[in-house]
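Taking it in order: structure first as C-alpha cells, then the write-up.
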Amino acid sequence: MVARRRSVEVFTLSFLDSICCGFGAVILFYTIVSAQAGMQGLHSTDELQAEVNRIEERVQAGSRNLVVLHNQIEKTESEIASDAARTKSLASTLESRREELSTYDTTSVARREHIEKLKADIHALEEGKRRLEGGSLDKTPPGQQISSFRQTGGDRRYLTGIRMHGKRILILLDVSASMLHEDLVSILRLRNLDDEHKRAAAKWRRAVDTVTWLTTQLPPDSHYQIYTFNTRAQSLLPDLAGKWIDAGDAPQLARELANLHTLVPADGTSLYNAFAATRTLSPLPDQVILITDGLPTQGKTAGLRKHVNSEARMRLFDDAVGQLPGGVPVDSILLPMQGDSEAAHRFWNLARVTNGTFLTPSKDWP
C-alpha cells in the first residue's frame, strides 16, 4: 500500500504569530521613533518661540527708543527755531546799537568841546569863589575886583567904555528864543532840539559869558541884582527878588551863576516887563545894563497878532522905555540879529538920552 504523502501548510499559526510579532515590533519601533522625533520638534519649536519673543522684545524696545528719539528731534528742532528767532532779534538789536553808536560818534566831538568849555567855566567860577571867600587884600589885575574871568582878568573896558560905576547895578538879560542864534532859520532849528543843544548855542554862550564878565567888574562896595526876561521878568534868585545883593557875597554870586548856566532861551521878548521890573527894586538902581539882541516882540502881554512887523516893534520899544525910572543910565549890549535893522538906532538913542553906553560887541567879546 502506497503511503500517502503528508501535505505541508505554509501559513500555520506559528508562522502567523511570528509575522504579527515582527509587524508589531516594526510598529512599536516606528511609534518610538516618531515620538522621539516629535519631542525633538517640540523642543526646537520652543527654542524658536523663545528667539521670536526675544526679537519682539528688541523690536518693542527699539520702537520705544524710536519714539524717544523722535521726541528729542522735535525738541531739538523747536530749540533750533527758538535760537534762530533769538539770533534774528540779537542781530536786529546789534544793528540798532550800531546806528546809535554812529549817531553818538557824530556828536561826540561837539559834546567833548562843550564839556571842556563847561569845565573851563566851572574852573573860572571856583577861582572867583576862592577869591571872594579868601578876601585877599593883594592887588589883583585890572578887571578882577570881585573875581577873575577865564583866569585872565578879562578887562575889556578899554574897548567897550562900559564901566561899573553904580552902587546899585541891575543886569537885565534877554532869555527869549532869539538868543539862540542870529539867523531866524537857525533859531527855528535850534528851538526844536533838546535843552543841552540850546544851552550850547554859540550866541547864548556869549550872553552867559557877558553876564559872567560883568560880575567880575562889580565894585567891591556895590550891590547888584540880575534879572532875566522873555515874556516876563524875574530874578535869577527868586527868593531875593526885589532885594539888592552885596557884591562881596560870594555864596549868592555862586548861586546866581549856577542858575544862569541852567537857563534855556525860549518864548518872545517883552522889554516892557523888563524895564517895569526896575521899579520893583528899593532903592531904585543907579545903573542898568541891558543884554539883548533886538527890539521887543510884545508889550506887557502878548498881542492878538501872531506876527509883529518892524513899526509895531518900534512902538513896543517906545512903550517899554516909558517904564524906566527917570535919571537912571542904561548901558545896552546889543548882540547880532539879522533882519532887525532899527534895533541899533533905537538902543543907541536910549543910551544917549539916559547918559548910558551903547555897545555892539565883536565876536570874540567878552
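Does residue 58 qualify as being of a type in the set (Lys, Arg), out of contact with any Asp or Glu (no Cβ under 6 Å at 6 or more places or on another chain) and closer than 30 Å to residue 202 by Cα? Taking the combined requirement at face value, the residue does not satisfy it. Return a yes/no flag: does the stretch 259-271 have any residue that is more than 22 Å from residue 118 (Cα to Cα), without any contact (Cβ under 8 Å) to a residue 60 or more places away in the chain and not basic (Lys, Arg). Yes: the stretch 259-271 contains one or more residues that are more than 22 Å from residue 118 (Cα to Cα), without any contact (Cβ under 8 Å) to a residue 60 or more places away in the chain and not basic (Lys, Arg). Checking each residue in the stretch 218-271 for being hydrophobic (A, V, I, L, M, F, W, C), within 32 Å of the chain's Cα centre (by Cα) and in a loop (DSSP other than H, G, I, E, B) picks out 236, 237, 263, 264, 266.
Of the residues 339, 327, which single one is more than 43 Å from the chain's Cα centre (by Cα) and not β-branched (Val, Ile, Thr)?
Matching residue, one of 339, 327: 327.
The number of residues in the stretch 178-190 that are touching a residue at least 60 places away in the same chain (Cβ under 8 Å) and open to solvent by 10 Å² or more (accessible area, probe 1.4 Å) comes to 4.
Does residue 196 satisfy the condition of being open to solvent by 60 Å² or more (accessible area, probe 1.4 Å), at pLDDT below 95, outside any strand (DSSP E or B) and farther than 18 Å from residue 332 by Cα? It is true that residue 196 is open to solvent by 60 Å² or more (accessible area, probe 1.4 Å), at pLDDT below 95, outside any strand (DSSP E or B) and farther than 18 Å from residue 332 by Cα.
Taken together, the residues in the stretch 284-301 that are free of Cβ contacts under 8 Å to residues at least 60 places away in the same chain and either open to solvent by less than 20 Å² (accessible area, probe 1.4 Å) or among the hydrophobic types (A, V, I, L, M, F, W, C) (or both) amount to 3. Looking at this structure, is residue 361 out of contact with any helix residue (DSSP H, G or I) (no Cβ under 9 Å at 6 or more places or on another chain) and over 17 Å from residue 231 (Cα atoms)? No: the conditions fail for residue 361. Go through the residues of the stretch 342-355 one by one and say whether even a single one is assigned to a loop (DSSP other than H, G, I, E, B) and within 25 Å of residue 165 (Cβ to Cβ). Looking for residues that are assigned to a loop (DSSP other than H, G, I, E, B) and within 25 Å of residue 165 (Cβ to Cβ), one finds at least one in the stretch 342-355, hence yes. Screening residue 364 against (1) in a loop (DSSP other than H, G, I, E, B); (2) open to solvent by less than 70 Å² (accessible area, probe 1.4 Å) leaves a single unmet condition, (2).
Screening the stretch 302-312 for residues that are under 36 Å from the mean Cα position of the chain (by Cα) and exposed (fewer than 13 other Cβ atoms within 10 Å of the Cβ) and picking the one that is modelled with the lowest pLDDT gives 306. Quick check on the stretch 222-264: of everything there that is of a type in the set (Gly, Ala, Ser), open to solvent by less than 10 Å² (accessible area, probe 1.4 Å) and out of contact with any Phe, Trp or Tyr (no Cβ under 7 Å at 6 or more places or on another chain), which residue is farthest from residue 280 (Cα to Cα)? This residue is 250. For the stretch 323-333, check the following and say yes or no: at least one residue is in contact with a helix residue (DSSP H, G or I) (Cβ under 9 Å, 6 or more places away or on another chain), open to solvent by 10 Å² or more (accessible area, probe 1.4 Å), of a type in the set (Asp, Glu) and over 23 Å from residue 198 (Cβ atoms). So far as the stretch 323-333 goes, no, none of its residues is in contact with a helix residue (DSSP H, G or I) (Cβ under 9 Å, 6 or more places away or on another chain), open to solvent by 10 Å² or more (accessible area, probe 1.4 Å), of a type in the set (Asp, Glu) and over 23 Å from residue 198 (Cβ atoms). Can you tell me which residues in the stretch 174-193 are of a type in the set (A, V, I, L, M) and either assigned to a helix (DSSP H, G or I) or out of contact with any strand residue (DSSP E or B) (no Cβ under 7 Å at 6 or more places or on another chain) (or both)? Those that are of a type in the set (A, V, I, L, M) and either assigned to a helix (DSSP H, G or I) or out of contact with any strand residue (DSSP E or B) (no Cβ under 7 Å at 6 or more places or on another chain) (or both): 177, 179, 180, 184, 185, 187, 188, 190, 193. With the condition kept exactly as written, say whether any residue in the stretch 80-103 is farther than 30 Å from residue 196 by Cβ and acidic (Asp, Glu). Within the stretch 80-103, one or more residues are farther than 30 Å from residue 196 by Cβ and acidic (Asp, Glu).
The values are calculated or read from the model by the stated rules, or taken from the named source; none is laboratory data. The model shown is predicted, which means the values in this text are computed figures rather than measured ones. Cβ atoms come from the backbone with ideal geometry, glycine included; neighbour counts cover every protein chain shown. Heads up: the accessible areas ignore ligands, DNA and RNA and are worked out on the full protein's heavy atoms, side chains in. Shrake-Rupley method; radii C 1.70, N 1.55, O 1.52, S 1.80 Å.
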